[in-house]
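The numbers here are math on the coordinates, done by the rules we state, and not lab data. The structure presented is a predicted model; accordingly, all values stated were derived computationally and were not measured. Cβ: placed from backbone, ideal geometry, glycine included. Neighbour counts: every protein chain shown.
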Amino acid sequence: MFASAPAAAGGRLDQAQREASGSSSSRSSSSSRDGDSGDSGDGEGARLLLSIVGAMVSGASDGGGGGSYGGERPPPRRSRMRYRPYPYEGGGRGEVFWLEEQVGERAHELELGALPARAPAGRPWSFRVGLEGAFLPTNIARGGLQSRLMVGLFELNTSWSYFHEFDIHDHLVVGDAKAGLSVGTEGLRLHVGAGPSVMIDPGVPEPSQAATVGYSFASAWLEVQPMKPISIGLGGEGGRMPGTFYWRVRGTAGITIRRVELFAGYEHLQVGTVALGGPMLGVVVRI
């Protein structure tokens, strides 16, 4: 991939760059209880009718936020996805849980100060950074950097890999940035997304010739925390560079120690006919 290197001396990273450039996944819930009017006569029916009308008028005056239900049924509830600072924190399972919040009458009383306000458990966002290293059987070493920001159901993530081929001292950088969704429940998470990707040859001085830009049209990553302190991950993606398709699969298994996760696994990257895969070790830190 160096401009001065002869074509015959090109290695796997050079071939991958040439082929790439073409040059040779809510839950919501509410609780209610149907009123039982019974057969109590016209007086009971009239009282029930007045109660329904009163509730409707009260709800309209509160802007649809609920009102007094007169003990006929409990106030509605809503569920929100929250993140623990780290998996298994506080005896929970996994990083995600659903917080049940009561709305309506009790929320109105909280606003008025009738009941003491209390901050909800968990937080609506999570951020992590990961570092990893791998040695490929084709005498190539890889270093990786990953980050993932999750806010509610939405997320932004990026990953970068630096490859070094020892036989001919060649280099290649592969990176991407994705936007997507993150959904889950206790002990189970699914991330899906898509976004641009790039391959960069550090040996080429001209930026327009050094970079090959493509896109990842589908990616999925499943995280499972079955029991403390185990964490398992499995996923893959597919995309296209101007000259060829590429795909990647990876699997990891590790242990979590508060905010730190130590893992081992395997990643395989296929760029056209060039295979770049091997075992890896890494660490993830949740901030």
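Points worth noting:
- Cα→Cβ-extended label distance, 7 Å offset, between residue 160 and residue 273, nm: 3.2
- Sparse-neighbour loop sites [trypsin sites (Lys or Arg not before Pro); the stretch 207-287; at most 13 other C-beta within 10 Å; DSSP]: 258
- Projected label points at residue 240 and residue 224, each 7 Å from Cα along the beta carbon direction, are separated by 3.3 nanometres.
- A straight chain from residue 213 to residue 169 at 0.36 nm per residue would run longer than the Cα-Cα distance by 13.5 nm.
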